[in-house]
Amino acid sequence: MTHRIESLASAVKTYSVDAAGQRIALMRAISADETDVAWMDLRSPQVKSVAQMTRNDIPPETDRPDPKLLDISPDGKWIAYANPIALPTISSGQTTSTTLTSTVYAVQLDPPYQHSTFGYCTAGRTGFTMSTMGEGAGCLELLWSRDSRAIAWADFWGLWFAMPKQPAYLLTSHRYGKAVGIWHPVEWSDGSRYLLGEVRKYEWREWSIASPTLNQVVEVPAPAGIGSNGSAVWMTDDRLFVLAYERLGDKPSFSAHLWRVNASQNLTLTQELSFTFNFNDNAFPTALNQLTTDRLALVVLGSGRGIESERGIYTIELAQRKLRKLTGLPPLPPSGGQTEIFWATNGTAAIVRGLDTGDPLNSTPNFSARKSSTLYVPTDGSPQIDLTPIVGYDACCFIWLQ
């Protein structure tokens, strides 16, 4: 079943869906001078606006918009949002002349329709140079806890934590200079006790875990003691699974690690499982998703010689410490670009969306090339379905409904 919602004709800057897949929050560009925050019940085409911001609320000199400044609570009762400010247009080494601060709000979607202030999000300060700011310093990621009782975000200063009707507090600060480390909130654990974050550095990233209860942060040890790229996902019992990808010279290295969080008095980690596995040099494992207590799903992408037989969807069998291939994938996209994975909530299928740029060095999708594709991929080995003729070449932002 599909239907067009005419009132969404304005540009949607970002969106967020509740845990039940029933309510969606939207930040829309109503006009050149106005942005609004709205929401709708996905069972109805009616869109309700809850806040408006005019050009006077938004700094005029911007060159890159802030990332996710909107999040609906998992229970669908609250929307948290911040003014869509952006960093000033300056070159590396130049000095900013403005302080850009937005307010973090929470608005209740049901009676009594409370509209309150959580705190503030600062994107910079006077006299701070871009050369020492490091990657990503700005107003970053509003993220509700899974129990809808708390929210976290990061800004110029570090990681903030807040609860309704209580003042926000700084849980940990960023590191600047040679030892730069910029905290990005990623995902709350299922029990809402811990928050996973990326600590971004100049050439790599590391994982870190924050405990608002203990007011402590612990870094997840990287394999071989060096920074690693890869994926991480919370298990339903609040253990953390990390898939590490490193390239030492010309040879990539892949390893899996399972960590248990200890939080009696001090926040510590205990490694319960660790094993390595091999893929082609051109393979790119990504999109982790837990299926059962001891099984996860994994998507392997990539292009180049020898990758055809390895590209596909796999399960990671923790008890056996091995991978099992479920189904293969075609080259997505066929020549350069990006690939998006949208997992079904129960892990039975995934939407695999290839955005073809036509140029391996250009990450901007070129929809006019007509080479992008969208696939429905079951994980039980059933035939894949090409959705491109149905959704078109410029579809995006798929949402699985329970």
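Data table
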read-out	value
Residue pairs meeting the criteria (Cβ under 7 Å; at least 6 apart or on separate chains; first assigned to a strand (DSSP E or B), in segment 39-50; second of a type in the set (D, E, K, R))	TRP39/ARG23; TRP39/LYS48; MET40/LYS48; ASP41/ARG23; SER49/ASP36
Pairs, first over 12 Å from PRO378 (Cα atoms) in segment 338-363, second modelled with pLDDT of 85 or more and part of a loop (DSSP other than H, G, I, E, B), C-beta under 8 Å, six or more apart	THR345/GLY21
Selection status of TRP183, at pLDDT 90 or above and either hydrophobic (A, V, I, L, M, F, W, C) or touching a Gly at 6+ places or on another chain (Cβ under 7 Å) (or both)	no
Members of segment 143-190 that are over 23 Å from ASN262 (Cβ atoms), assigned to a loop (DSSP other than H, G, I, E, B) and in contact (Cβ under 8 Å) with a residue 24 or more places away in the chain	SER148, ASP155, PHE156, TRP157, PRO164, LYS165, PRO167, ALA168, HIS174, TYR176, VAL180
Number of positions in segment 88-114 that are within 26 Å of the chain's Cα centre (by Cα), modelled with pLDDT of 65 or more and not hydrophobic (A, V, I, L, M, F, W, C)	5
Number of the exception - SER208 against (1) modelled with pLDDT of 90 or more; (2) closer than 17 Å to SER16 by Cβ; (3) surrounded by 20 or more Cβ atoms within 10 Å (Cβ to Cβ)	(2)
Residue check, PRO330 at pLDDT 90 or above, outside any strand (DSSP E or B) and not acidic (Asp, Glu)	no
ALA263 surrounded by 15 or more Cβ atoms within 10 Å (Cβ to Cβ), closer than 30 Å to ALA344 by Cβ and modelled with pLDDT under 90	no
Residue check for SER253: in a strand (DSSP E or B), at pLDDT below 85 and more than 25 Å from PRO383 (Cα to Cα)	yes
ARG193 farther than 20 Å from SER73 by Cα, surrounded by 16 or more Cβ atoms within 10 Å (Cβ to Cβ), touching a residue at least 24 places away in the same chain (Cβ under 8 Å) and among the basic types (Lys, Arg)	no
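The values are calculated or read from the model by the stated rules, or taken from the named source; none is laboratory data. Quick caveat, the model's predicted, so the values are computed rather than measured. Positions of Cβ are backbone-derived with ideal geometry, glycine not excepted, and every protein chain shown enters the neighbour counts.
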